[in-house]
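Reading through the structure tokens given below for one structure.
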Amino acid sequence: MQKKVIIIDPFIQTVTQGRYDNYKDLYKMGKFDTFDIVMVDKNSDTDKGNDLVLDDEGLLKENQRYFTFVGVGSFAGIGILIGSDHSTGGTIDTSWTVDQVTRAVSYER
């Protein structure tokens with residue numbers, strides 16, 4: 001079952017919606033070989049939230065571009081916002097919209 005994600009691309013400074021079936025799709029979307037995950041938010045009542053999937057080797061690459069996600073941090077390379085069910089460790093649709101992410105992101109060189 002495909003899940004909704006939001007893709008943050010600092011190279012062309014866009015925020016777009018996408019869908020993925022499994023973790024292999026995340027590698028293709030993010031254009032990375034290994035990834036790391038950073039929690040963006042979590043609802044303690046439902047134990048669900050949103051996480052950023054990031055290039056684990058982003059800081060090692062030349063000609064890199066960066067983005068800042070308000071309240072979370074600054075990151076190298078493409079970021080993919082996914083939904084997560086913290087009680088099971090599984091992924092779900094992100095609860096964020098493209099507009100919300102666009103307002104939460106700024107770009108750096």
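What follows is calculated from the coordinates using simple rules that are stated; it is not laboratory data. For clarity, every value in this text was computed on a predicted model and none was experimentally measured. Neighbour counts run over all protein chains shown; Cβ positions are idealised from the backbone, glycine included.
General remarks:
- Each Cα pair under 8 Å and six or more residues apart adds its separation to the average, and for the chain the resulting relative contact order is 31 percent.
- Gain on full extension, evaluated as 0.36 nm per residue between Gln13 and Ser87 minus their Cα-Cα distance, stands at 23.3 nm.
- Report note on the peptides 63-73, 47-57: ranked by the mean count of other C-beta atoms within 10 Å, highest first, their order is 47-57, 63-73.
- Virtual spin-label span in nm between Asp33 and Met1, 7 Å along Cα→Cβ: 3.5
- Within the chain, helix-based [θ] at 222 nm, where runs of 4 or more DSSP H residues each add -39,500 (n - 2.57), nearest 500: -3500 deg cm²/dmol
- Here, P(r) means the percent of Cα pairs in each 5 Å bin from 0 to the largest distance; for region 29-79 it is 5, 20, 27, 22, 13, 8, 4, 1, 0.
- Between the amide H of Thr14 and those of Asp9, distances stay under 5 Å, these residues lying 5 or more places away or on another chain, with hydrogens modeled in the peptide plane.
- R0 of 22 Å, Cβ-Cβ distance Asp47-Thr97: FRET efficiency to nearest 0.05: 0.55
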